[in-house]
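The values are calculated or read from the model by the stated rules, or taken from the named source; none is laboratory data. All values reported here derive from a predicted model rather than from experimental measurement. Note that each Cβ is placed from the backbone with ideal geometry, even for glycine, and that neighbours are counted across all protein chains shown. Remember, those area values only see protein heavy atoms, side chains included, never the ligands or the DNA or RNA. Shrake-Rupley method; radii C 1.70, N 1.55, O 1.52, S 1.80 Å.
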Amino acid sequence: MAKTGTTTKGLRAAIERSGYYPALVAEAVESAVGGEPVSSYVVHQETTFDSNEVRRHVTVLVLTGNRFIVSHTDEQPADGTSPSPYATTSTESVKLERISSVVLSRVVANPESYTPGTLPREVVLTIGWGAVSRVDMEPANCGDPNCEADHGYTGSLTADDLSLRVSETGDGPDTVRQTLAFAQALSEATAATATTTAAAASGTR
């Protein structure tokens, strides 16, 4: 389930419609947003099965004029630290100028007959701001198939702070559209921030 839109009132309504500890989630998110106007948001809930237990997780993404806010809430069964089930919620506030990448991957069916505007079957939104990075390593080579020398390793460093996957089959077409809309709003906001920052830096020279 995912909802996107604008205004703080709409954000609260989307959290309540998700039905996932709305009072807890709303308090955490609204505390992080503060008095800033909300430009766009997505509320996404997913359910996972762990052995005989069903666990839910909700992610709330909020875009304001100056910040990107992400909130995660998970429920946990009773364990050694708590005799009863409990939930944990966290929020992170990121200045727009810190966002280094907004990656949107689209999966489309029958690409040979693709028509512009057709809804993707699945989208994955990956946002990086430098808090978490993934390193992919593999043996390096010189291109000579007969070379047996050790060329060490090569790798790539990828920002991978948040990855949100939604599909038409699992979440519905509206959810896919809403995630696309949020990704576009975030990309436009970060581009505008980068332009403003560059102009300000140029003016100080």
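Scanning segment 182-199 for residues that are of a type outside the set (D, E, K, R), more than 13 Å from the chain's Cα centre (by Cα) and open to solvent by 50 Å² or more (accessible area, probe 1.4 Å) yields ALA191, ALA192, ALA194, THR195, THR196, THR197, ALA198, ALA199.
Return yes when THR88 is loosely packed, with under 14 Cβ neighbours inside 10 Å and closer than 22 Å to ARG177 by Cα and no when it is not. Against the criterion (loosely packed, with under 14 Cβ neighbours inside 10 Å and closer than 22 Å to ARG177 by Cα), THR88 does not qualify. Only a single criterion out of (1) surrounded by 12 or more Cβ atoms within 10 Å (Cβ to Cβ); (2) touching a strand residue (DSSP E or B) at 6+ places or on another chain (Cβ under 6 Å) is not satisfied by ARG17, namely (2). Strands (runs of 3 or more DSSP E) fully within segment 116-205 that include at least 2 residues being modelled with pLDDT under 70: 133-139, 153-159.
Checking each residue in segment 21-45 for being more than 14 Å from GLU92 (Cβ to Cβ), in a helix (DSSP H, G or I) and open to solvent by 50 Å² or more (accessible area, probe 1.4 Å) picks out ALA23, LEU24, GLU27, GLU30. Spot the failing condition for VAL54; the list is (1) closer than 23 Å to TRP129 by Cα; (2) loosely packed, with under 14 Cβ neighbours inside 10 Å, and only one is missed. With (1) closer than 23 Å to TRP129 by Cα; (2) loosely packed, with under 14 Cβ neighbours inside 10 Å applied to VAL54, the lone miss is (1). Restricting attention to segment 98-115, the residues being part of a loop (DSSP other than H, G, I, E, B) and of a type outside the set (Gly, Ala, Ser) number 5.
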